[in-house]
1. Quick one: pull the percent of accessible area on the chain belonging to carbon and sulfur, 1.4 Å probe, ligands and nucleic acids left out.
2. How large is the helix-only mean residue ellipticity at 222 nm for the chain, computed as the sum of -39500 (n - 2.57) over DSSP H runs with n ≥ 4, divided by its residue count, in deg cm²/dmol to the nearest 500?
3. In square angstrom, rounded to the nearest 10, how much accessible surface does H194 have for a 1.4 Å probe?
4. Run the simple label-point estimate for A158 and Y257 please: 7 Å along Cα→C-beta, distance reported in nm.
5. With every protein chain kept in the model, how would you rank D179, D206, D65 by accessible area, 1.4 Å probe, largest at the top?
6. What accessible area per residue comes out for the stretch 73-222, rounded to a whole number of Å², with a 1.4 Å probe?
7. Want the number for H48 to Y215: 0.36 nm per residue separation, take away the alpha-carbon distance, what's left?
8. Restricting to lysines 8 or more places apart or on different chains, can you count the pairs in the chain with Cα atoms under 26 Å from each other?
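The values are calculated or read from the model by the stated rules, or taken from the named source; none is laboratory data. Predicted, not measured: the structure shown is a model, and the values here were computed from it. Cβ: placed from backbone, ideal geometry, glycine included. Neighbour counts: every protein chain shown. In case anyone asks, the SASA skips ligands and DNA or RNA and just uses the protein heavy atoms, side chains included. Shrake-Rupley method; radii C 1.70, N 1.55, O 1.52, S 1.80 Å.
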Amino acid sequence: AKKVGIGQAVTFSDAMICSLRERVSMLSSLKQDLDRHRLYLVYQPQIHLKSGQLIGVEALVRWMDESGQMISPAVFIELAEQSGLIVKLGEWVLRRALYDCAELCRTRPGFRVAVNVSPLQFQQLDFVDQVKAGLHEQGLEGQHLDLEITESVSMSYAEETIEKFNALRALGVTISIDDFGTGFSSLSYLERLHVDCLKIDRSFVDKLTTSTSGYRIAQTILTLGQRLNMRVLAEGIETDAQLNELVKLNCDEGQGYLIARPMKIDALHEWIAVHAE
Ligand code: C2E
Ligand code: CA
Ligand code: CA
Ligand code: CA
């Protein structure tokens, strides 16, 4: 990590734009494009692995900059997180996702959208109010919303986090731990938080059929989820072999390129008409 500006730590990974000047200019175009509604969401179906039934979708944000270049969310989400812009960006994602969800609910009443929530966004004092307002605006019950949170969020600020989780649960909103297995969770804490779902990180699904350790980690997460009464969803399913193995391991839910790629809302409506009726 390098120190930049007033004590702000910035980590440079290979995938990232390395010069500070480029980062500053990227941030200012991101701000502008957010204001001009140039960002958009794509949705990836989440299904019941055994029945193939559609459960809902995960919303993923996309940004094409002014020159027409797609910027990876891995890059701009991190930039937004470090600059604080993520609060506004995350709020936009939530409202947009709920708007699209409400439309989908007209033909599929049980439909659910999963929205990624970054640590800084979750820590906002009015986060729960934001969620409430977003649901209310669309006339949606909380059951239609799942929030994907990483282990780092769930582990910090214990008391506030528990209060927020409880308030969200009271609304009917469910909570999933994203990228499960890559961070550090205390198991007793997981139970106290009443997490609804563990998402097995893609890296383990990737190794499921090729390495013993990958297989055992996936198996362990599934057992843990079953014992603690949580749903388990496997992400990044790319092959039939992985899918078959997950079904054998009694994994309930999954998503991945094998099932469907993330797609724009119009394509999603078509996908649902073809695959999910
Ligand atoms: P994530 O939440 O773990 O999302 C899953 C990523 O895996 C997505 O990448 C998705 O497109 C990709 N993926 C899905 N299925 C497969 C597969 O079968 N194989 C492979 N190789 N990849 C698959 P994406 O859209 O580039 O997003 C990257 C990360 O950026 C996300 O990881 C999430 O952490 C973050 N992100 C994306 N949208 C948002 C958002 O609206 N808010 C926040 N806070 N973070 C977001
Ligand atoms: Ca996610
Ligand atoms: Ca994930
Ligand atoms: Ca991830």
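1. In the chain, the share of accessible area belonging to carbon and sulfur is 51 percent.
2. Computed ellipticity for the chain at 222 nm equals -14500 deg cm²/dmol.
3. 100
4. Distance between the two pseudo-spin positions: 4.2 nm.
5. I get D206, D179, D65, largest accessible area first.
6. 45
7. Result: 58.1 nm gained on full extension.
8. Close lysine pairs found across the chain: 23.
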